[in-house]
1. For segment 216-315, state which trypsin sites (Lys or Arg not before Pro) are in a DSSP loop and have at most 15 other beta carbons lying within 10 Å of their beta carbon.
2. Just subtract the alpha-carbon distance of Ala284 and Glu393 from 0.36 nm times their residue separation and send over the number in nm, one decimal.
3. Using θ = phi - 60° and the Karplus form 6.51 cos²θ - 1.76 cosθ + 1.60, what ³J(HN,Hα) does each residue of segment 451-463 get, whole Hz, x for Gly and Pro?
4. With r as the distance between the Cβ atoms of Leu372 and Phe269 and R0 = 30 Å, compute the FRET efficiency 1/(1 + (r/R0)^6) and round to 0.05.
5. Give me the orientation-averaged projected area of the Cα convex hull of segment 475-570, in nm², one decimal.
6. How large is log10 of I(q)/I(0) for segment 349-470 at q = 0.11, 0.13, 0.19, 0.23 Å⁻¹ when the intensity is taken from the Debye formula with one equal scatterer per alpha-carbon?
7. Enumerate by residue number the trypsin sites (Lys or Arg not before Pro) in segment 408-502 meeting two conditions: DSSP loop (anything except H, G, I, E, B), and at most 16 other Cβ atoms within 10 Å of the site's Cβ.
8. For segment 299-342, list residues with backbone N below 13 Å from a point placed 7 Å from the Cα of Arg349 toward its Cβ?
Amino acid sequence: MDSQRVFRRLFAAFLLTLMAQQPALAGPAAGTDGATPYDLVLVNGTVVDGTGEDAFTADLAIVDDRIVAIGKLDTTAAKQVVDVSGRVVAPGFIDVHSHADRALDDPSTASIEGFLRQGVTTGVYGVDGFLDLEHMQRYAELGHQGGMGMNFMAYIGHNAVRREVMGMDNRAPDAAELQRMQDLVRDAMEFGAAGLSTGLMYLPGSYASTEEVVALAKVTAQYGGVYDSHVRDPAKNLLASHQECLDIGYVAGVDPHPGHIKAVGAANFGKGPDIVKLVEAGIARGQNVTVDLYPYDGAATAPVIALLYPGDDDRGQALTERLAGVMSGKLEAGDSMEQLTADLRQYWRDAAAQAEVLEQARAVTEQPPEGLYSWIEVVGYQSMRIVVSESKEYEGRLVTELAEDLGIAPFELYRQLIVAEGDNAMVTLGAIQEDDIRIVMREPWAMISSDGAEVDPEHPRGRGSFPRVLGRYVREWGVLGLEEAVHKMSGLPARYLKLTDRGILREGAIADIVVFDPETVIDRATWAEPALYAEGVEHVFIGGDAALLHGQVSEQRFGRFVPFAPGATD
């Protein structure tokens with residue numbers, strides 16, 4: 001029996017168990033003519049229920065926040081009827097690796113429109129280890145007040161916890177500090193965190209030993225929580241870094257989940273099958289291993305101008321301080337991005353004639369001192385691909401290969417791009433081969449995520465991930481079947497998060513629902529224009545309320561905090 005069939009049967013058994021645990025719901029009283037007064041009925045839809053089973057034609061009725069009936073329904077007494085003929089009715093998508101929370105600090109962006117237009121009804125925040133309990137609580141209160149556009153769950157972040165207790169110290173915690181970190185994790189789990197997330201590639205998480213993370217993950221095990229990880233060194237130690245994630249879960253007794261998994265960088269091209277073998281080995285030793293991935297052949301993007309550190313000369317130091325202000329969101333009064341860009345272009349133009357300055361700048365960029373984070377040092381030039389350039393022949397080229405063809409060092413290529421294009425030239429910090437994406441995506445334990453941002457997205461994944469899967473990987477390329485793809489965006493992440501009444505369409509489930517046109521749903525965001533909204537998602541319901549109706553976003557906001565509660569219902 002193949003692994004796909006095994007996973008589907010296990011999932012079906014899981015759903016039956018959950019249904020048995022649910023209290024029976026009293027349906028709405030019939031009207032005087034015998035018709036049921038539903039709040040809303042979606043009629044004539046193609047129902048893809050999130051389990052991975054075959055689609056079927058049916059009506060779906062909602063009362064309050066629940067699905068109360070699926071089948072051929074009498075709509076005579078319904079308050080609202082929407083004809084969804086030719087459209088797919090599916091569970092609202094669950095984005096298990098989302099950075100949309102950055103939008104919640106500004107009421108003008110907290111509707112999270114870009115994700116609603118993808119059909120996402122629940123996002124999981126705190127990924128990569130940076131969310132603290134204070135922000136989690138603040139976001140939960142915002143949802144309670146009707147101030148956010150979609151539901152959220154959250155991890156407690158290892159980076160946030162470590163920084164609160166130890167600052168940016170590069171050392172092991174003492175017993176008291178470790179206890180304090182464990183207490184912070186416990187407080188978050190008590191509040192409703194789904195588990196622990198690490199960002200071991202980032203500061204200060206990279207200072208932590210495996211044993212430190214195990215000690216914190218064990219706290220989440222007491223609550224049935226999960227362990228999500230941005231692994232330690234994916235570009236240079238791909239398999240060892242993912243094995244560390246699985247080993248932490250194994251020792252701590254929690255389900256391990258390597259986030260946004262990918263065979264990243266030229267050194268790892270073709271290692272998709274090796275990732276599959278690693279995960280399957282974890283499953284074979286009894287672990288419940290899952291992963292998520294986004295459907296793009298490049299990781300995070302960055303303008304080239306932000307990747308090089310100036311030298312230690314007076315001008316260079318001043319520019320470095322201004323760059324640091326930009327990175328922390330604290331641009332100095334009177335400064336502007338336009339002026340900073342102009343000054344950096346002039347600095348790197350003048351540096352061409354200053355060999356000592358160039359040598360020092362290259363050294364600090366490629367081998368930075370402790371406490372200074374450099375993407376070039378962390379992932380290497382060999383992981384980077386140019387995605388936007390005024391020289392169109394550069395787009396799609398690996399940085400190392402292009403530099404070799406031009407007979408210059410990658411650092412010099414970047415310097416020349418800054419001088420020529422300012423902040424227009426962009427690279428992905430982690431090139432990926434399409435074949436490797438497809439190999440992992442097809443696996444029954446792989447779910448879809450965005451790793452995307454709502455505010456000022458610099459990568460198309462924040463606007464396009466879910467429609468891209470439906471439009472490209474299902475309709476155009478045939479990599480996945482429709483039911484399989486929907487399962488990877490709804491039922492599978494719900495099972496991972498131990499949600500009992502989201503992620504599937506059945507009577508009694510919460511009415512988080514997306515309706516899309518399978519013939520037109522598509523991503524529009526590109527590397528050059530990453531903020532373009534997706535098309536083809538027509539209706540989105542969150543708890544039975546229309547967050548998106550006939551393509552129009554509601555002025556009301558229906559998102560809420562969904563506390564982690566394994567085995568319980570809302």
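1. Numbers: sites: Lys218, Arg232, Lys236, Lys262, Lys271, Lys277, Arg285, Arg315; in loops: Arg232, Lys236, Lys262, Lys271, Arg285.
Qualifying residues, ordered by number: Arg285.
2. 34.6 nm
3. Each residue's phi maps through the Karplus curve to give 6, x, 10, 8, 8, 6, x, 9, 9, x, 4, x, 10 Hz.
4. It comes out at approximately 0.55.
5. Spelled out: convex hull of the Cα atoms, projected over all directions, averaged, 7.8 nm².
6. Debye output, listed in q order: -0.50, -0.68, -1.20, -1.44.
7. Arg442
8. Those under the cut-off are 341-342.
The values are calculated or read from the model by the stated rules, or taken from the named source; none is laboratory data. Note that the structure is a prediction, hence the values are computed from the model and not measured. Here Cβ is always computed from backbone atoms with ideal geometry, including for glycine, and neighbour counts include all displayed protein chains. In case anyone asks, the SASA skips ligands and DNA or RNA and just uses the protein heavy atoms, side chains included. Shrake-Rupley method; radii C 1.70, N 1.55, O 1.52, S 1.80 Å.
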